[in-house]
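Taken together, the values in this text are just the output of simple stated rules run on the coordinates, not laboratory data. The model shown is predicted, which means the values in this text are computed figures rather than measured ones. Glycine also receives a Cβ, built like all others from the backbone with ideal geometry; neighbour counts cover every protein chain displayed.
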Amino acid sequence: MSVPLPVAPVATTPQPAPAAFPGPPLAPARVALLFGASLVACVVAYLAFAVPGRWFSPVSDEAYGVHRLVLSRGTGAIAGDALVITRTAGDGNAVVSVTTDLRAADYPVVAWNATNVPDNANVALLWRTDVEPSRLNKRPLQSASGRLLPLDLHADPHWLGRITGLALAVQGSLAAPLQVAGVVAKPADARETLRDRVREWTTAETWSGASINTVAGGADAQPLPLPLLLACAIGLTIGASILVARRRLRVAAPAIATGAIALALAGWFVLDARWLVDMARHTETTGQRYAGKDSHAKHLAADDGELFAFIDKALGVLSGQQGRVFVVADADFFRGRAAYHLYPHNVWFEPYHDVLPPARELHAGDWLVVYRRRGVQFDAGRRSLRFDDGATLPAELKLLDHGGALFRIQ
Amino acid sequence: MIDALRLTAGWALVWLFGIGVTAALACALRGRPSTPAHVAWTIGAGFFAGAFGITVWMRVLSYIGLRFSVADIAAPLAVATIAMIAWVWRRGALRLPAASFVRAPMARIERLLAIGLSLWLAVRFVLLLLDVVWTPLYPWDAWIQWATKARVWYALGQIVPFGRSEAWFAANGALFFDASPDYPATVPLWQVWSSLALGRWDDALMNLPWWLAAVAFAIAIYGALRGAGVQPLFALVGAWLVSSLPLANVHVAFAGYADLPMAAYFALAAISLWRWTMSRSRADATLALLFAIACLTIKKPGLVWALTLLPGIVLAVAPRRAPRLLAGGIAIAVLGLLVLAQMHPVVLGYRLHLDFAPAWDSLLDSLFLLGNWNLLWYAIVATIAVGWRVLREPPLAPLSAILAAGMLFLGVVFAFTNARAWVTDQTTINRATLHIAPLALFWMILVVDRWRGRLVANAALPTGAAPAAA
C-alpha cells in the first residue's frame, strides 16, 4: 500500500487500535500487481469490443490532405491547411470529395478532419467501390463540439472491394464557415485504437465559454473516458483482492480497504495530474494574451476587442450625457457584451432574443447602440431610424465605427 | 504593485475580520464542553464569515443612505477586528496558525507525502491566481447578470434597484436592467469591495475573492477533518481532493459565477451544523446559522440548499422520532409537489411538471464519463455501498441526511422541471452538482475513515467474537 491511511475515528467514538496481523494479508506489491493485471484486462476487454477489424494490421493510416480535396458543391476556397466552405449550393448541399484507392478490409474506419460543423446540419460520408461502381453509398456522420467523429464501417455490407472515392456531404445552412482539413482512412487495429485513446486523454482541452459548464477531460469526444477505465480497473482489483483473500477475509479486510483507498487516490492523482497540465497550458495561453497589459489593453486583446474599441468610442460620446441606452445586435454575445461595457449607463438589452425594443418606448434623449444588426436603417437626409417592423424614430447619428453606430433619439 | 497591495490589504482585512468573528463566537458561545475548533477551521471558515459580513455591512450602509467608501466600510471592520482578536487573544483562545502536519508525529514517508501534496496544491493555486488576475471578466452569466450590478453599484456608491424589462420601461430611468435583476447581491458586492479597495474598476482583479474562497475552503476542509479526528495526512488529502475538482477550478480561473461561493457556503453550513450535532456548542450553531443565511444571499436556490439542512437538525434533535418526522416531511413535500405540478408553476426559475423523464445518458456522462469530477461519483457510489451502516449511524447520520436531501433536491430539479434540457446540453447540471460536490467529498472522507476504522477493529477481535457491523 503506497499511501498510509489513518484509522482515527470521527470525533467522539473511541475505537480499538489496529490489529497486529500475523503477516501482511495483502502486501502492497500484490495489490499493485493485481491492479496492473486488472488494468490490462480492462484494456483487452475494451479492445475486444472496440477494434473493428484485425488487432494487428500491416498497413498504416492513409491520409488525404487539403490539396487532394475537391469541392464538388458549394462555395469555398483553400485557406492555409483547410478547405473553407462558406456557402452551400442552391440545393442546400455542400460536397467535398477525394479520389482514393483503398482496400476496404484494410481500412474499416474513416475520419474526416472538419471543424465548425453545424449542430443542425445533416452530414454524411459518401463512397464508391470498384465492386459496385454505379452505387453511391451513404452513411450519416455524427459530430461533437463542431467536429466530426470517426465512422466505423467494417460491418457495412457495401464497404467492400476497393474504395475508389470518398466524399463529405453537408446539408443545411452554414452559420460559420465549415473547415475541412482532410480525411484519413484508418486500419483501426489494436495498437492504433490504443494510441487514439491515449491521444484523446492527453489532448489539450480548449477552454472556452462552455468550460464554465463542462470539463471534457481531454478531447471533446472520447469512446473510452479515462475515469471509466480507472474506475473499472480499481473495481476489478478490489474484486480480485477479495477473491485472493477470501479464506481470511475478516483479517484481510482492512488491507483490502486500504488498498482500495490507495488505488482510488492514485487514480484521482492521475486524473488530477492530467488536469493540472491542462491548467498550466491554459494559464500560459492566458498569460500570452493578457499578462503585462492594463485593463483597457486586456479588453482590446479579448475575444470582443473590436466591439470594445467601438464601445470605448461610444462611451466618449456618452460621457457626461444623461439618458437611457438601448443596445441591439444580431448576436446574443454582442448585445450582452456591449451592454456590459456600457454600464454604469442605464442600459437595456434583450439578453436571449434578437429583438428590437418597442419603438414607442424610446423617447427623446435616449441613446441607441446598433452593433452588427441587420434591419435597422438610418436615413441621414431625414434623420430618421427605421426598425425592421416599419416603425420610424427621429434620431441623430453620433458615431459610426467598427461595425457599430450610436444614435441619439430626437 | 500598489494595486496588489491595496487589493491584498482590502481582502486581508475581510479575512481577519472573519477570523475574529469565528474565534470570538467560539470563545463567547462555547456552551457545553466540546471538541475545540481546529485553528485551520477558524481560519478557513473565517474567510467566509468575513466575506459575508462585509456584504451585510455594505447593505446597511446603502440602506441608511451612505455612499460606499473605503473608510466607511473598512474603518468599522478594522476596529471590530482588532477588538475581537484582542479579546480572544487575552482569553488565550486563539493559537497562532501552523500547518499541523509539520508538527504532528509522522513517519518519514508520510511527512514527505504531506510536503509533496502541499507543493502540489501550491502549484494549482499559483496557476489559478495568475488566471484570475490576468483574465478580464469572461464567463457569460458573469457579464449579463452578476458583474452588471457590481459595475453600477460601484459607480453610484450604493445599491440601486434593478428591474425586469416591463418595470424598467415604466420606471423611465429610475431602475437599472440586466438579465437577472432579482439575483442576490452578495457576489456583486464582493466585486464592489474589490474595486473600492483597488480604487478603480478592473474586471480582472475584482475577482480575487473567488481565488481567496478556493484557498480558504481548502483550509477549512483541512481544519474540519482535523477537528473530526482525521489524521493530518488524510485531512490534507481531503483538502487536496476538494481543491482538485476540475469544474471547481474552472470556476476560479473563470471567476464571476456564484456557483463556487454557493458550494462553499452550503458545505460550511452543513459542516458547522454537523459539528453542532456532536458538540451542541452554541458557537457551531451560530456559525451554521450564519452560513445558512449566507446561502440565501448567494443564489436563489440557496433557499432550498438551506432547507436541506433541516433533516440533519431533526436527526440531531429528535433521533428517535426522526424517521417518522422525516417520512412525514417527505410525504408533505411530495404531496406539495404533486399539487404544485398540476399548475406548472415557476419555482426559483424552474418550471415544475410531473413528466418524469430524466436524461439518464447525459446525467451519466456528466457524473461518470466527463472530466468534471475526477472519480468523485464512482467513489460516492462505492462509499454508499461499503459504508451503508456507518453512514446511517451517529455521528454521521445527520450529515448523511443533509446530503440525501440535497441529492433529492437535484433529482427533483432535473427530473421534474424544465432543467432537464440543461442536463441534455451539459450546462446547468454540472453547475448545480457543483453546489453539493464539496460536501459530498467531505462526507465521503468521514464515512470511509470510519468504515475502515471498523474493519480494523473487527480484524483485531479474537476469532469467534461478534464483529461490529461495518
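Converting the Cα gyration tensor eigenvalues of chain B into ellipsoid dimensions via √(5λ) gives semi-axes, longest first, of 35, 30, 22 Å.
On a per residue basis, the convex hull of the C-alpha atoms belonging to the stretch A:125-166 measures out at 68 Å³.
Take each residue of peptide B:229-238, count the partner chain Cβ atoms within 10 Å of its Cβ, and average: the result is 4.
Once backbone amide H atoms are built at 1.01 Å from N, residue A:205 has A:218 as its partners under 5 Å, excluding neighbours fewer than 5 places away on the same chain.
In order along the stretch B:369-381, phi translates into HN-Hα couplings of 10, 6, x, 5, 10, 6, 9, 3, 7, 4, 5, 5, 4 Hz, rounded to whole numbers, per the Karplus curve 6.51 cos²θ - 1.76 cosθ + 1.60 with θ = phi - 60° and x for Gly and Pro. Put simply, the amide H of residue A:402, placed in the peptide plane, has no neighbours under 5 Å, leaving out anything fewer than 5 places away on its chain.
Judged by the mean number of other Cβ atoms found within 10 Å, the most tightly packed of the peptides A:255-263, B:63-71, B:155-163 leads the ranking A:255-263, B:155-163, B:63-71. Residue order for B:449, A:196, A:272, fewest other beta carbons within 10 angstrom first, comes to A:196, A:272, B:449. Ranking of A:353, A:296 by neighbouring Cβ atoms within 10 Å, starting from the fewest: A:353, A:296. Can you return the lysines within cross-link range of residue B:299? Criterion is Cα-Cα under 27 Å, with same-chain partners fewer than 8 residues away left out. The qualifying lysines are B:149. Basic side chains Lys and Arg get +1 at the Cβ, acidic Asp and Glu get -1 at the Cβ, and with that the dipole of the stretch A:351-390 about its Cα centre reaches some 180 debye. Just report the Cα centroid separation between the stretch A:21-91 and the stretch B:271-349, whole Å. Spelled out, the Cα-based centre of one part sits 47 Å from the other.
If you run the Gaussian network model on chain A, springs between alpha carbon atoms under 10 Å, then out of A:179, A:321, A:142 the most flexible one is A:321. Per residue, the protein assembly as shown reaches -17000 deg cm²/dmol at 222 nm when only DSSP H runs of four or more residues are counted, each adding -39500 (n - 2.57). Sorted fewest first by neighbouring Cβ atoms within 10 angstrom, B:326, B:315, B:439 come out as B:326, B:315, B:439.
Placing +1 on the Cβ of every Lys and Arg and -1 on the Cβ of every Asp and Glu, with no other charges, gives the stretch A:249-394 a dipole of roughly 100 debye about its Cα centre. Averaged over the residues of B:124-130, the number of partner chain Cβ atoms lying within 10 Å of the residue Cβ comes to 4.
Mean per-residue shielding of peptide A:220-230 is 3, counting Cβ atoms of other chains within 10 Å of each Cβ. Rg over Rh for the protein assembly as shown works out to 1.00, both radii taken from alpha-carbon positions and Rh defined as the Kirkwood radius. Return the inverse of the average 1/r over all pairs of distinct C-alpha atoms in the stretch A:102-237, which is the Kirkwood hydrodynamic radius, in Å to one decimal. After inverting the mean inverse Cα-Cα distance, the result is 16.7 Å. Between the amide H of residue A:347 and those of A:325, B:177, distances stay under 5 Å, these residues lying 5 or more places away or on another chain, with hydrogens modeled in the peptide plane.
Distance from the C-alpha centroid of the stretch B:363-395 to that of the stretch A:304-349: 46 Å, rounded to the whole angstrom.
Considering only B:399, A:252, B:249, and ranking their Cα positions along the charge dipole of the protein assembly as shown that arises from unit charges at the beta-carbon of Lys, Arg, Asp and Glu, the one farthest toward the positive end is A:252.
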